[in-house]
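Colleague: A single structure is presented below for examination.
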């Protein structure tokens, strides 16, 4: 549902192209959304809220690149984001389930030792979200920033600047989430700690599929979305 607005803009792109003034508004709103949501994510302690604000921030990227008339780049990021964000949310659900419903990251700590598979899935999703090179998020997010940086207009410069700052904030709150939840000494209450358990085989399989897409969709899909030479 949250990506329906992005898909609507992409589908209605011929209408938006007929009204150039509207494209500038889309760029400004998208860039401001990416920045606002990224700054909000820095200050959250609820595990799911951090991921939710990161979703809002990534939607800002998709929106402002639509305003720069690069609808394929927006759809590319929409596709890659689907994998690593689904991976993060399902991994977050696994963590919350393992610690008896607790969502405050300040009460976690040391879960990497108790939930190694969940930690690995969470780590892959997080570094894909950050845009670490050769993961799916890198190919789509870097493309968006390249388009914004290479477009000669005031609005594109504005979007490029906020996009870079938002990317830094994304890395910061992603590392903060990983550190509070999985590293250091355990701060989990005694009763939830006793019931902490790893994923079932069925849930682990779902995370494995999403992790594969989070790693390889960018390099496999870049020609399909943005360049020539594809076999599709």
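Colleague: Being at pLDDT below 80 and within 17 Å of residue 131 (Cβ to Cβ) is the filter here, so list the residues in segment 180-215 that pass it.
Modeller: none
Colleague: Scan segment 216-232 and give yes if some residue there is out of contact with any helix residue (DSSP H, G or I) (no Cβ under 8 Å at 6 or more places or on another chain), assigned to a helix (DSSP H, G or I), within 22 Å of residue 76 (Cα to Cα) and modelled with pLDDT of 90 or more, otherwise no.
Modeller: Among the residues of segment 216-232, not one is out of contact with any helix residue (DSSP H, G or I) (no Cβ under 8 Å at 6 or more places or on another chain), assigned to a helix (DSSP H, G or I), within 22 Å of residue 76 (Cα to Cα) and modelled with pLDDT of 90 or more, which makes the answer no.
Colleague: Which residue, of 152, 148, is out of contact with any strand residue (DSSP E or B) (no Cβ under 8 Å at 6 or more places or on another chain) and either within 23 Å of residue 49 (Cα to Cα) or surrounded by fewer than 18 Cβ atoms within 10 Å (Cβ to Cβ) (or both)?
Modeller: The unique qualifying residue is 152.
Colleague: Do the conditions hold for residue 63, that is, is it surrounded by 18 or more Cβ atoms within 10 Å (Cβ to Cβ) and either under 30 Å from residue 186 (Cβ atoms) or modelled with pLDDT under 90 (or both)?
Modeller: When the stated conditions are applied, residue 63 does not pass them.
Colleague: Criterion first (in a helix (DSSP H, G or I), free of Cβ contacts under 8 Å to residues at least 40 places away in the same chain and more than 15 Å from the chain's Cα centre (by Cα)) does residue 65 satisfy it?
Modeller: Judged against the criteria, residue 65 is not a match.
Colleague: Determine which member of the set 177, 162, 115, 111 is buried (at least 20 other Cβ atoms within 10 Å of the Cβ), more than 21 Å from residue 24 (Cβ to Cβ) and at pLDDT 90 or above.
Modeller: After applying the criteria, what remains is 177.
Colleague: Hey, another quick one. State whether one or more residues within segment 47-57 are outside any helix (DSSP H, G or I), in contact (Cβ under 8 Å) with a residue 40 or more places away in the chain, in contact with a strand residue (DSSP E or B) (Cβ under 9 Å, 6 or more places away or on another chain) and more than 22 Å from residue 143 (Cα to Cα).
Modeller: No, because not a single residue in segment 47-57 is outside any helix (DSSP H, G or I), in contact (Cβ under 8 Å) with a residue 40 or more places away in the chain, in contact with a strand residue (DSSP E or B) (Cβ under 9 Å, 6 or more places away or on another chain) and more than 22 Å from residue 143 (Cα to Cα).
The values are calculated or read from the model by the stated rules, or taken from the named source; none is laboratory data. As the structure is a computational prediction, the values presented were derived from the model and not from experiment. Every residue, glycine as well, gets a Cβ built from its backbone with ideal geometry; the counts of neighbours run over all protein chains shown.
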